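So the structure is just underneath, and the comments pick up after that.
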Amino acid sequence: MSASPIEPENPLHREHQAQPAKPAASRPNHPSGEPNESQVDQPAAEKLMIRLDDLLKRLGWVESGGQAKVFIQDGQVSVNGQTETRRRKQLFVGDLIECLGQEFELESSFFDCY
């Protein structure tokens, strides 16, 4: 019997072998993955956030989100000494909020009951 010649493998004829997807934990910035470097370096107190309209409601300074919207858009609220007209403004620990003659400094203990 004669042996058939062995042909060299042609890379163009290889079937494409799909690589398995990386697990979510190894992908940066993936919602179910590990925190990225900027998230790891942040102290826990700096990650705490509340939106301005939600803060006004929680403090009892307004009775509803609609009332918070009106107060904020009318320029009756200031954050860190500057008038703030964005009701969804993100507030962090250390921010000073003033509204209708009242002041409140946001502290990490404010978030304890969340």
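Tabulated results
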| quantity | calculated |
| --- | --- |
| Qualifying residue in the stretch 63-71 (condition: in contact (Cβ under 8 Å) with a residue 12 or more places away in the chain, in contact with a Lys or Arg (Cβ under 6 Å, 6 or more places away or on another chain) and closer than 20 Å to Glu107 by Cβ) | no |
| Residue list for the stretch 87-102, restricted to those being under 10 Å from Val77 (Cα atoms) and charged (D, E, K, R) | Arg87, Glu98 |
| Residue within the stretch 70-78 that is within 23 Å of the chain's Cα centre (by Cα) and either exposed (fewer than 12 other Cβ atoms within 10 Å of the Cβ) or of a type in the set (D, E, K, R) (or both) present | no |
| Search result, residues across the stretch 51-96 that are of a type in the set (Ser, Thr, Tyr) and at positive phi | none |
| The stretch 51-62: number of residues that are part of a helix (DSSP H, G or I) and farther than 15 Å from Glu105 by Cβ | 3 |
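Table: residues versus (1) among the charged types (D, E, K, R); (2) in a loop (DSSP other than H, G, I, E, B); (3) modelled with pLDDT under 95.
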position	(1), (2), (3)
Glu15	yes, yes, yes
Ala18	no, yes, yes
Ala21	no, yes, yes
Ala25	no, no, yes
Asn29	no, yes, yes
Gly33	no, yes, yes
Gln39	no, no, yes
Ala45	no, no, yes
Ser78	no, no, no
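The values are calculated or read from the model by the stated rules, or taken from the named source; none is laboratory data. Please read all numbers here as calculations on a predicted model, not as lab measurements. Virtual Cβ from ideal backbone geometry, glycine too; neighbours counted across all protein chains shown.
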